[in-house]
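Just below is one structure, and these are the notes that go with it.
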Amino acid sequence: MLKTAVFYDPVFLKHDTGDHPESAERLRAVIPALESAPFADRLEWISPDPADRQQLEAVHDSGYIRFVEERCLSGERSMDADTIICPDSWMAATTAAGALIEAVDCVMDKSHANAFCAVRPPGHHAESSRAMGFCLFNNVAIGARHAQKAYGAQKTAIIDFDVHHGNGTQNAFYDDPSLFFISLHQAHHYPGTGMESERGGAGAEGTNMNIPMFAGAGDEEYYDKFDSQIIPSLTKFKPDIIFISAGFDAHIDDPLAGLSLTARGYATITKKILNLAGSKPVVSTLEGGYNIQALKESVAAHVGELAKPVH
C-alpha cells in the first residue's frame, strides 16, 4: 500500500517571527499530532531540499528573489508590517518551496499515494515581486509550475480553502487556461481580493473561481459549495493533478476570521477532493490556521483522510 508523503524539516521552526500569529508553535503542535496519530504508520516523513533559483523564477521575479535573500540575511526583521523575517527565513522559505517540488515528484512517479507539506512560511499571498500576508514565496504556485514543466501536466487545479483569498496564486495563473484556480474565502476580508467577477484573463476566462463565504458560514455551507460548484466544474475540467492550499483559519475557533468550519468539516472537504481526484495525484500544503488546538485537530483530520488506503 502506498503511503502519504509528509514533507517537513526543522528549518521551518527557525523562521523566527517572534510574538506573531504565524509562529513556530504552529508546527510544534502539528508535527507531534501527526507522529502520534492512529494513521501514523501510513505516513512517510521526508526532509526536502531547498528550491533553486530557477525553480523559484518559475513564479517570482529574479530581482525579488535576490531582495528576499539579501533582506533576510542582512538581519532585517520584516518585509512589510505583516510579514516578519529573520536570517533563517531565507532557508526556511526556499525549503518550503522545495517541499512542493519534491511532493510533485513523489506523486507523479507514483511512489506515494499523495503528499502533505507541513511547511512555513506559508505562500499563497506572495506575488511575483512582493511578499505579503506572512508569505515570502508562493509554494503552491511553484509546485504547480513544476508539475507543468517537469511532467507536462496539461491541466492542473488548485483548491484553496484558506479563509483568506489566495491573491498571489490567482495572479500567477490568471491568464493560464491550463490551470483552474478555486478559492473559498471569507468575503470582504484580507487581502480584499477574490470577487466572483474575477474569472480569468483573456483566453483563460472560466478557469478562475472565487467563492466568497459570509461570516458564520460553516461545514454545511462549504459542503454545498463543493457539491454544487467545485466538483461539477473540476469534473468537467479533468485536471491531471490537484493541489490544495490547506489553510485551517476558517475554523470556528480561529482568532483571525469569522467562519465556522470544524475539524470534521475539513475531513469531509478533503474526502470530497480525494473522491473527485480518483486516481489522479493530490498534493496539499499548509497555509493558515492560528488557533493552535484547532490547527492541530484540523490538520490531523485532513491528513487522516489523505492517509486512508481507499477513498
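Residues to consider are 288, 265; find the one that is assigned to a loop (DSSP other than H, G, I, E, B), farther than 19 Å from residue 41 by Cβ and at pLDDT 95 or above.
Numbers: 265 fails: assigned to a loop (DSSP other than H, G, I, E, B).
Answer to the selection: 288.
Could you check how many residues of the stretch 129-166 are under 13 Å from the mean Cα position of the chain (by Cα), farther than 20 Å from residue 62 by Cα and without any contact (Cβ under 8 Å) to a residue 60 or more places away in the chain?
1
May I ask you to list the residues in the stretch 212-246 that are of a type in the set (A, V, I, L, M) and surrounded by 18 or more Cβ atoms within 10 Å (Cβ to Cβ)? Outline the logic, then answer.
Taking the stretch 212-246 first, the residues of a type in the set (A, V, I, L, M) are 213, 215, 217, 230-231, 234, 241-242, 244, 246.
Passing the criteria: 213, 217, 230, 234, 241, 242, 244, 246.
Taking the condition of being crowded, with 18+ Cβ neighbours inside 10 Å, without any contact (Cβ under 8 Å) to a residue 40 or more places away in the chain and closer than 22 Å to residue 260 by Cβ, how many residues in the stretch 186-208 meet it?
Residues flagged as crowded, with 18+ Cβ neighbours inside 10 Å, without any contact (Cβ under 8 Å) to a residue 40 or more places away in the chain and closer than 22 Å to residue 260 by Cβ within the stretch 186-208 amount to 1.
Kindly provide the set of residues from the stretch 100-128 that are part of a helix (DSSP H, G or I) and under 14 Å from the mean Cα position of the chain (by Cα), ordered by number. Give the derivation first.
So in the stretch 100-128, the residues part of a helix (DSSP H, G or I) come out as 100-108.
100, 101, 103, 104 - these are the residues of the stretch 100-128 that are part of a helix (DSSP H, G or I) and under 14 Å from the mean Cα position of the chain (by Cα).
Restricted to the stretch 75-102, and to residues that are among the small types (Gly, Ala, Ser) and in contact with a Pro (Cβ under 8 Å, 6 or more places away or on another chain), which residue is farthest from residue 283 (Cα to Cα)? Full working, then the answer.
At the first step, the residues of the stretch 75-102 found to be among the small types (Gly, Ala, Ser) are 75, 78, 81, 89, 92-93, 96-99.
Still in the list and also in contact with a Pro (Cβ under 8 Å, 6 or more places away or on another chain): 75, 89, 92-93, 96-99.
Working: 75: 33, 89: 23, 92: 19, 93: 18, 96: 13, 97: 13, 98: 13, 99: 10 Å.
Looking at residues that are among the small types (Gly, Ala, Ser) and in contact with a Pro (Cβ under 8 Å, 6 or more places away or on another chain), I get 75.
Are any residues in the stretch 191-234 among the basic types (Lys, Arg) and assigned to a helix (DSSP H, G or I), and if so, which ones?
Filtering the stretch 191-234 for residues among the basic types (Lys, Arg) gives 199, 225.
225, the sole residue that qualifies.
Give the residues of the stretch 217-264 that are in contact with a strand residue (DSSP E or B) (Cβ under 6 Å, 6 or more places away or on another chain), over 29 Å from residue 102 (Cα atoms) and small (Gly, Ala, Ser), sorted by residue number.
The answer is 218, 257, 260.
Across the stretch 34-55, what is the total count of residues that are surrounded by 17 or more Cβ atoms within 10 Å (Cβ to Cβ) and of a type outside the set (D, E, K, R)?
9
For the stretch 117-138, indicate whether the set of residues that are crowded, with 23+ Cβ neighbours inside 10 Å and over 21 Å from residue 17 (Cα atoms) is non-empty.
No, every residue in the stretch 117-138 fails to be crowded, with 23+ Cβ neighbours inside 10 Å and over 21 Å from residue 17 (Cα atoms).
Collect the residues in the stretch 142-175 that are under 22 Å from residue 210 (Cβ atoms), part of a loop (DSSP other than H, G, I, E, B) and not hydroxyl-bearing (Ser, Thr, Tyr), keeping them in residue-number order.
155, 161, 162, 163, 164, 165, 166, 175
Does residue 57 fit the bill of being free of Cβ contacts under 8 Å to residues at least 60 places away in the same chain and touching a helix residue (DSSP H, G or I) at 6+ places or on another chain (Cβ under 6 Å)?
Details: free of Cβ contacts under 8 Å to residues at least 60 places away in the same chain: yes; touching a helix residue (DSSP H, G or I) at 6+ places or on another chain (Cβ under 6 Å): no.
So residue 57 does not fit the description; no.
The values are calculated or read from the model by the stated rules, or taken from the named source; none is laboratory data. Because the structure is a prediction, the values reported are computed rather than measured. Positions of Cβ are generated from backbone atoms using ideal geometry, with glycine treated the same way; all protein chains shown enter the neighbour counts.
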